[in-house]
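Remarks on the structure that follows.
The values are calculated or read from the model by the stated rules, or taken from the named source; none is laboratory data. Please read all numbers here as calculations on a predicted model, not as lab measurements. We place every Cβ from the backbone using ideal geometry, glycine too, and count neighbours over all the protein chains shown. The accessibility values were calculated without ligands, DNA or RNA, using every heavy atom of the protein model including side chains. Shrake-Rupley method; radii C 1.70, N 1.55, O 1.52, S 1.80 Å.
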Amino acid sequence: MSQAREEILRRIRLATRDVPQEESPEDVSVERSYRVESVSPHEEVVGRFVENVSEYRASVRRVGEEELPEAIREALARRGARRLVVAPGVPDGWIPEGVEALRDGEGGRPLTSEELDASDGVLSGCALGIAQSGTVVLDGGRMQGRRALTLLPDYHLCVIYEDQIVELVPEAVRRLEGGVREGRSIVFVSGPSATSDIELDRVEGVHGPRTLEVLVCRR
Amino acid sequence: MKVSERPFQALAREALADSQLRRNLGHATATIRKKRAAAVSELPDWEELREAGAAIKERTLRHLDEYLVRLEESVTKAGGEVHWARDAREANRIVAGIAKGHGAREVVKVKSIATDEIRLNDHLEKEGIEAVETDLAELIIQLAGEESSHILVPAIHKNRAEIRELFREKLGAKDLSDDPRDLTETARRYLRERFLAAKVGISGANFAVAETGTICVVESEGNGRMCTTLPEVLVTVMGIEKVVPTWRDLEVFMQLLPRSSTAERMNPYTSFWSGTSSGEGPREFHLVLLDNGRTQALSDPKGRQALRCIRCSACLNVCPVYERVGGHSYGSVYPGPIGAILTPQLTGLGRKGPDSLPYASSLCGACYEVCPVKINIPEVLIHLRGRVVRNRQDSGSPAAKLDPEGAAMRTLARTFADRRLYEAAQKLARAGQWPLARGGRIRRLPGPLSGWTAVRDLEAVPRKTFREWWRRERG
Ligand code: SF4
């Protein structure tokens, strides 16, 4: 055991002498009287998600499942994206003709950072969405892949199913708990990368994808 | 922790002479203030969230030893390594050791107040390692060779023309307009190269979950994601007070922090990871737990609440004193109202710089009202003033005890120590302030406070003190 560790723990015990010996952490009560569960109809929740995501200067479109491939094709064409990083598990049917799909781990070889950087964009799903804050959550699960895939390309096209959308942060945190316990890495994405560092002028994208596009899909 | 030896009042006088700074600051704080109020009013359960946030932090602080040991266990189980650092020197040595062990000449960093506090970059430089700040504002500050003046917008004192000059000179960007878009693009290209080359990344942490070993970094630009994802080795330096008990506790802070800080519903990016267990990202993870005065702050049962701080900077943006004098006047990496109570507790009292900080406030109470974890900053300020004065008396020579300032200070000490006396004095000041107040402002204060009003107009004591209002409204 390191000396520093013992010393710091000793200092803490000394500093908290005023805390009664018999007090356990649970004795310090934490009232959780804030909202933990949505009471709104789900259609309204989806509506709020769409609204809040678009307020971040991200584009959002609602589509039916059968329209999805066409919506993806249109989005990529508008963007002029040809070399597309495709997250593992994304159906082949989603990838339009004429677009080169870069699949991570294909032939046992992960894409290099340089390849990701040089791509025109990335297509992924997500773990869930939070309406209250307009957040897309990635947890490395189905159709998401490792973190770098959705980070290095300058354009992120993300598909979310309506039933993946919750209203409140606490609902999302609860759904993610299992994955966290397995050691999964999680990223909350709310709009494109942004900075307001220069005279408080908001500018998109110092580092992350400068364009975020979300397709909200009815099953 | 490095802190200015010069008193706040002296530093503030210089800041007040800088009109660019005052303009930028006034603009920034007013903008953020308005936005924040709107973001907060969207949540019907804001008060309940604050209450829970305060309680979770209080629970943690009262049982900090237990939670840190648990955090160590869970991080280790997730494949990370935990280091303990009693002070800045120890922390710096640990980080430099890790970087050197991997032969790194350059490390990429995401902005962190903890690493500013220990002056990690300076130390790494001495060891021949360049620390590249990857946050745009931090990059600007670093290129200019300056220090940050605001927790949230560190380059707030620089305008676009100055930044263009800096980039032209230091990054060799010749054809560059002063459009923030152009400037940002230049920084993006420069930093992307650094990221792709870096072997070692360094970050701070906003939260660390004891139960699961999950570390959380909250940010806007994506450089946090870069630093914590791309390099092979990741080192996170965090103050020991950043631990929270359970994963679920983050549901509270993920609502409180963004709205209080940048006034957004959610900041663009938040990353959570546990050790190296996800089988991707860095292959090696080190967590450095930093004391550096925190246990000293913890030992004052009333002052302890300063350690709840989640560094949102809301208190800075509402502070009338901060708005005029800016961050540098506080002489430490922790500016504004929170700095005024945190810095002297971290460094200890008894020197001119730290001792002056509890006086860097008009006690208007706005900071308490916005604080998402309900730190009663005015209460701690008054408490610390009492400690400063008692301290001086204890160490003072007989002559010091006799001088008029000493006598005034003795009265002040009694007043500060006793809430009722203090409030009575405030009422008295209100009733008696007319000869001093002109147009709602006080131009001069008598006695030991004159040094403060000599450099700026003090807001007149409000008709109703915050405490009176609070008691009536909530009591
Ligand atoms: S003291 Fe409160 S308001 Fe100020 S930065 Fe800390 S958490 Fe935010």
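Being small (G, A, S) and within 18 Å of the chain's Cα centre (by Cα) narrows it down to one residue among B:A144, B:A99, B:A88; which is it?
Numbers: B:A144 fails: within 18 Å of the chain's Cα centre (by Cα); B:A99 fails: within 18 Å of the chain's Cα centre (by Cα).
Just one listed residue meets the conditions, B:A88.
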In region B:354-374, anything more than 10 Å from the ligand (Cβ to nearest atom), open to solvent by less than 10 Å² (accessible area, probe 1.4 Å) and assigned to a loop (DSSP other than H, G, I, E, B) is listed as B:A360, B:G365
Of the conditions (1) under 25 Å from B:P231 (Cβ atoms); (2) touching a residue at least 24 places away in the same chain (Cβ under 8 Å), A:T112 clears all except one; give me its number.
(2)
Selection count where residues are touching a residue at least 40 places away in the same chain (Cβ under 8 Å), assigned to a loop (DSSP other than H, G, I, E, B) and of a type in the set (G, A, S), scope region A:116-136
4
Test: residue in region B:314-333 that is farther than 28 Å from B:V389 by Cβ, away from chain A (no Cβ under 14 Å) and within 16 Å of the ligand (Cβ to nearest atom)
yes
Only unsatisfied item for B:L61, checking (1) at pLDDT 95 or above; (2) closer than 30 Å to B:G327 by Cβ; (3) surrounded by fewer than 20 Cβ atoms within 10 Å (Cβ to Cβ), is (3)
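Quick check, is B:V75 touching a Leu at 6+ places or on another chain (Cβ under 6 Å), touching a residue at least 12 places away in the same chain (Cβ under 8 Å) and either surrounded by fewer than 20 Cβ atoms within 10 Å (Cβ to Cβ) or in a helix (DSSP H, G or I) (or both)? Write out each step before concluding.
Working: touching a Leu at 6+ places or on another chain (Cβ under 6 Å): yes; touching a residue at least 12 places away in the same chain (Cβ under 8 Å): yes; either surrounded by fewer than 20 Cβ atoms within 10 Å (Cβ to Cβ) or in a helix (DSSP H, G or I) (or both): yes.
Yes: the conditions hold for B:V75.
I'm trying to understand the selection: among the residues of region B:295-313, which are at the interface with chain A (Cβ under 9 Å from one of its Cβ atoms) and of a type in the set (D, E, K, R)? Even if it seems obvious, please write down each step before you answer.
As a first pass, look at region B:295-313 and keep what is at the interface with chain A (Cβ under 9 Å from one of its Cβ atoms): B:295-301, B:304.
Hits for region B:295-313 are B:D300, B:R304.
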Please state which one of B:R259, B:R351, B:R283, B:R265 is surrounded by fewer than 24 Cβ atoms within 10 Å (Cβ to Cβ) and either closer than 30 Å to A:E167 by Cα or within 12 Å of the ligand (Cβ to nearest atom) (or both).
B:R265
The one condition A:V46 fails out of (1) within 12 Å of chain B (Cβ to nearest Cβ); (2) touching a helix residue (DSSP H, G or I) at 6+ places or on another chain (Cβ under 6 Å) is (1)
Exactly one condition in (1) open to solvent by 40 Å² or more (accessible area, probe 1.4 Å); (2) away from the ligand (no atom under 16 Å from the Cβ); (3) modelled with pLDDT of 90 or more is false for B:L428; which is it?
(3)
Scan region B:95-122 for residues that are surrounded by fewer than 20 Cβ atoms within 10 Å (Cβ to Cβ), in contact (Cβ under 8 Å) with a residue 24 or more places away in the chain and either in contact with a strand residue (DSSP E or B) (Cβ under 7 Å, 6 or more places away or on another chain) or farther than 22 Å from B:F195 by Cβ (or both) and report the count.
4
What number of residues within region B:58-73 satisfy the criterion of being closer than 20 Å to B:K302 by Cβ and more than 7 Å from chain A (Cβ to nearest Cβ)?
2
Restricting attention to region A:26-59, the residues that are surrounded by fewer than 14 Cβ atoms within 10 Å (Cβ to Cβ) and in contact with a Ser or Thr (Cβ under 7 Å, 6 or more places away or on another chain) number exactly 0
Within region B:33-54, does at least one residue satisfy the condition of being open to solvent by 20 Å² or more (accessible area, probe 1.4 Å), closer than 30 Å to A:E22 by Cβ and at the interface with chain A (Cβ under 9 Å from one of its Cβ atoms)?
yes
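The rows are residues; the columns are (1) facing another protein chain (nearest Cβ under 9 Å); (2) not polar (S, T, N, Q).
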site	(1), (2)
A:R103	no, yes
A:G107	no, yes
A:S113	yes, no
A:L123	no, yes
A:G134	yes, yes
A:Y155	no, yes
A:C158	no, yes
A:G178	no, yes
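If you scan region B:241-283, which residues turn out to be β-branched (V, I, T), touching a strand residue (DSSP E or B) at 6+ places or on another chain (Cβ under 6 Å) and more than 7 Å from every other protein chain (Cβ to nearest Cβ)? Even if it seems obvious, please write down each step before you answer.
Start the filter on region B:241-283 by keeping residues that are β-branched (V, I, T), which leaves B:243-244, B:246, B:252, B:262, B:270, B:276.
After this cut, where a residue has to be touching a strand residue (DSSP E or B) at 6+ places or on another chain (Cβ under 6 Å) as well, the list is B:243-244, B:270, B:276.
Those that are β-branched (V, I, T), touching a strand residue (DSSP E or B) at 6+ places or on another chain (Cβ under 6 Å) and more than 7 Å from every other protein chain (Cβ to nearest Cβ): B:V243, B:V244, B:T276.
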Residues located in region B:206-224, provided they are open to solvent by 10 Å² or more (accessible area, probe 1.4 Å) and either under 17 Å from A:V203 (Cα atoms) or not in a strand (DSSP E or B) (or both)
B:N206, B:E211, B:T212, B:E219, B:S220
Do you know which residues across region A:60-73 are surrounded by fewer than 15 Cβ atoms within 10 Å (Cβ to Cβ) and either under 11 Å from A:E213 (Cβ atoms) or charged (D, E, K, R) (or both)?
A:E65, A:E66, A:E70
So, B:A208, is that one aliphatic (A, V, I, L, M), closer than 22 Å to B:V82 by Cα and more than 7 Å from chain A (Cβ to nearest Cβ) or not?
yes
